[in-house]
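**Q** I am attaching a structure below and will ask some questions about it afterwards.
The values are calculated or read from the model by the stated rules, or taken from the named source; none is laboratory data. Remember, it's a predicted structure, so these values are computed and weren't measured experimentally. A quick note on method: Cβ atoms are made from the backbone with ideal geometry, for glycine too, and the neighbour counts reach across all protein chains shown. The area values use the complete protein model at the heavy-atom level, side chains included, leaving out ligands, DNA and RNA. Shrake-Rupley method; radii C 1.70, N 1.55, O 1.52, S 1.80 Å.
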Amino acid sequence: MRGRYRLASYLGGSVLARTGDELSGPALLLLGLAVTGSAADASVLLTALTVAAAVGGPVFGALLDASRRPGLLLGLTLACYAAGMVLVLLGLGWLPLPVVAGIAVLAGLANPAIAGGWTAQLPRVLDGMPVARGSALDAMTFTAATLTGPALAGLVGAWLGAPAAMLVAAGLVLAALPSALALPIPPRPAGPSGPPAPRRALRHTLLAGWAAIGRNPALRRVTATSAVSFAAVGMLLVCLPPLGARRLGDPAYGALLLTALAVGALLANAALARWTPANSRLLAPVPKGKKSAICRGPDVLVLISTLLMAGSLVLMASTGSVLPLAAAAVLAGFGEGPQLTALFAVRHREAPENLRAQVFTTGASLKIAGIAVGTAVAGPLAEWSLTGCLLAAAVVQLLAACCYLACSAGKPAGKPPRKPWPALAS
């Protein structure tokens with residue numbers, strides 16, 4: 001019963017924090033446009049928030065790994081993120097735009113806590129539940145937030161105004177604070193002679209986190225694949241409003257396509273959450289270091305879902321009627337949802353316990369960076385040719401699949417293992 005309560009508290013906090021996060025982006029755009037009257041100024045604020053999130057992940061992960069009470073640090077970070085959004089709201093229109101953008105940058109540094117930092121705590125609340133199933137439930141909170149956040153931004157912004165939407169975003173993030181503070185305290189690692197191991201310098205922890213990803217074939221493979229894949233997702237997000245306008249008659253239909261994608265992801269992850277490892281090769285755990293992991297377990301699900309998203313983009317580019325476009329969006333969701341679930345499962349399986357948070361927050365930062373690159377490339381490309389941009393996004397998904405296949409699946413037999421990074425030693 002206690003384990004169920006812990007997991008329910010974790011998932012409830014995840015939904016609240018991630019919904020507030022998904023709401024904050026559209027709310028910030030609405031606020032910037034309402035106060036400054038300039039779409040360019042509004043995009044500057046969102047870019048400041050996003051770029052900071054892409055940079056802050058590794059540092060926050062290192063701090064979280066070194067913390068004796070990660071739940072407390074996570075809660076303080078959520079409070080800082082909410083406070084940053086309120087300061088942006090109060091400062092916009094009263095302070096120069098560069099100053100407000102600087103506040104958005106500082107707030108964005110805390111953003112990885114909502115994604116990777118929270119997910120890194122999942123194994124501590126499972127209490128016997130298979131990690132694959134827990135990862136599917138966790139991924140569903142992302143999808144639910146993606147589905148709910150933008151809709152809330154639109155509804156609250158339309159009824160009560162953009163400032164109210166920002167306040168709701170901050171309030172949802174703060175509402176997750178009790179769940180963060182209730183997270184279990186991890187046991188203190190013991191040194192060689194029994195007493196607690198000494199803390200490493202932050203610089204060594206950062207290097208060890210990158211080494212953990214770079215030298216582990218499975219982590220390297222899925223991290224590279226997801227970063228490239230999310231660049232294509234960023235391209236798709238840019239294409240949806242003009243796709244709704246040009247092929248369906250209204251830009252709002254582009255948002256409905258995004259809703260269809262989120263529904264597809266939610267349904268796929270709900271199915272995976274009930275598809276236990278005992279009944280599924282796709283979710284069956286694979287022992288660490290096994291070369292066969294490339295063709296089974298959650299590893300191959302990353303590849304399959306990436307190819308599925310590539311196919312959905314080709315279908316979206318080649319049709320102009322409502323039902324095929326909706327089907328293509330749902331198909332994209334069938335790929336995006338399981339990809340996230342499988343990505344979490346591989347990271348939980350492979351990440352060293354003392355570097356788990358950094359592996360997750362660094363992965364989240366790379367994902368955000370991929371989305372930022374995709375949106376930057378897609379803007380001018382979509383103006384030139386919407387179909388061309390969608391096909392280019394499909395090519396990027398295929399490149400992500402090539403990254404998966406190109407990365408080493410394991411160490412060749414007979415070769416001694418490489419000497420571990422010094423900072424990884426306990």
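**Q** In Å², what does the accessible area per residue of the range 1-136 work out to with a 1.4 Å probe?
**A** Ligands and nucleic acids excluded, the result is 39 Å² per residue.
**Q** For the range 1-90, run through the trypsin sites (Lys or Arg not before Pro) and keep only the ones in DSSP coil with at most 13 other Cβ atoms within 10 Å of their Cβ.
**A** Hits after loop and neighbour filter: Arg68.
**Q** How do the peptides 391-404, 110-123, 368-381 rank, highest first, by the average count of neighbouring beta carbon atoms within 10 Å per residue?
**A** Going from most to least packed, we get 110-123, 391-404, 368-381.
**Q** Let me ask something else about it. At a 1.4 Å probe, what is the % contribution of carbon and sulfur to the accessible area of the range 1-149?
**A** The C+S portion of the solvent-accessible surface of the range 1-149 is 71 percent.
**Q** Contour minus end-to-end for Ala406 and Ser385, with contour as 0.36 nm per residue of separation and end-to-end as the Cα-Cα distance?
**A** 4.5 nm
**Q** Okay, next question. As a test of understanding, state the convex hull volume per residue of the range 87-141 from its alpha carbons, in Å³.
**A** 88 Å³
**Q** Report the label-to-label distance for Ser318 and Arg69 in nanometres (one decimal), using points 7 Å from each Cα along the Cα→Cβ vector.
**A** 5.8 nm
**Q** Counting Lys +1, Arg +1, Asp -1, Glu -1, what net charge surrounds Leu390 among other residues with beta carbon under 15 Å of its beta carbon?
**A** Net charge in that neighbourhood comes out at +1.
**Q** Also, quick follow-up: For the range 98-191, what is the largest minus smallest coordinate of the Cα atoms on each principal axis, given in angstrom and ordered from greatest to least?
**A** Largest first, the range 98-191 extends 51, 30, 20 Å along its Cα principal axes.
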